[in-house]
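What follows is a short report on a single structure.
The values are calculated or read from the model by the stated rules, or taken from the named source; none is laboratory data. Quick caveat, the model's predicted, so the values are computed rather than measured. Positions of Cβ are backbone-derived with ideal geometry, glycine not excepted, and every protein chain shown enters the neighbour counts. Ligands, DNA and RNA are excluded from the accessible area calculation, which covers all protein heavy atoms including side chains. Shrake-Rupley method; radii C 1.70, N 1.55, O 1.52, S 1.80 Å.
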Amino acid sequence: PEQQTLSIIKPDAVRKNLIGAIESRFEQAGLKIVALKMIQLSRAQAEGFYAEHQGKPFFEGLVDFMTSGPVCVQVLSGDNAITRNRELMGATNPEEAAPGTIRADYAESVSINAAHGSDSPESAAREIAYFFEPGEIFARS
Ligand code: CMP
């Protein structure tokens, strides 16, 4: 099915000058970038985005990391976009990520892991609305 998914290029990858390299992987895989912005998350924004992880041992570190520098957020569109983006990223832990994936190539650890992608249609809808107004998302055929 035609889907949209929310992708974040995390502060570690932005610091390493990998915005273009990662966006290029999305485009070369046939996913379309239909919305895009660079932002500095506040603590409240990061906590709200990752609310489902509140209380987990890594939560404070996750918020520290995600607010440590600007991120690039984008909406990717295409057939099976949610799963395909997760395949491009590879497993959360780079030691388990398949060769040639974004996390295998660019992540440093399970917490400093270069990219985020929505994991279900429900989270995609929530995460897209968290960062983008409807008028900021473009129809591209
Ligand atoms: P992300 O896809 O952004 O969603 C939640 C994030 O929490 C995840 O990527 C990791 O960066 C982080 N995370 C998940 N599990 C762990 C863990 N065991 N230790 C540290 N960070 C984690």
For the chain, built as a Gaussian network whose Cα springs stay under 10 Å, the top-fluctuating residue of Glu60, Glu127, Glu23:
Glu60
Which value in deg cm²/dmol, rounded to the nearest 500, describes the helix-derived mean residue ellipticity at 222 nm for the chain, given -39,500 (n - 2.57) per DSSP H run of n ≥ 4 and division by the residue count?
-10500 deg cm²/dmol
Using Cα pairs closer than 8 Å and at least 6 residues apart in sequence, work out the relative contact order for the range 21-82, in percent.
52
Quick one: dipole size for the range 47-122, taken about the Cα centre, charges +1 on Lys/Arg Cβ and -1 on Asp/Glu Cβ, in debye to the nearest 20.
120
Would you work out the charge dipole size for the range 95-134 about its Cα centre, treating the Cβ of every Lys and Arg as +1 and the Cβ of every Asp and Glu as -1, and quote it to the nearest 20 debye?
80
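Quick check for me: using +1 on Lys/Arg Cβ and -1 on Asp/Glu Cβ, what's the dipole size of the chain about its Cα centre, in debye to the nearest 20?
280
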One quarter of the C-alpha convex hull surface, i.e. the mean projected area of the chain in nm², amounts to 7.9
Heavy-atom accessible area per residue of the chain, all protein chains kept, 1.4 Å probe, expressed in Å², is 49
Between Glu52 and Ala21, how many nm apart are label points set 7 Å from Cα along the C-beta direction?
2.9
Ignoring ligands, DNA and RNA, what percent of the 1.4 Å accessible area of the chain is carbon and sulfur?
53
What FRET efficiency, computed as 1/(1 + (r/R0)^6) with R0 = 22 Å and r the Cβ-Cβ distance, is obtained for Glu87 and Val110, rounded to the nearest 0.05?
0.75
Considering the options Ala81, Ala46, Pro11, tell which one lies farthest towards the positive end of the dipole of the range 1-124, charges being +1 on Lys and Arg and -1 on Asp and Glu at the Cβ, about the Cα centre.
Pro11
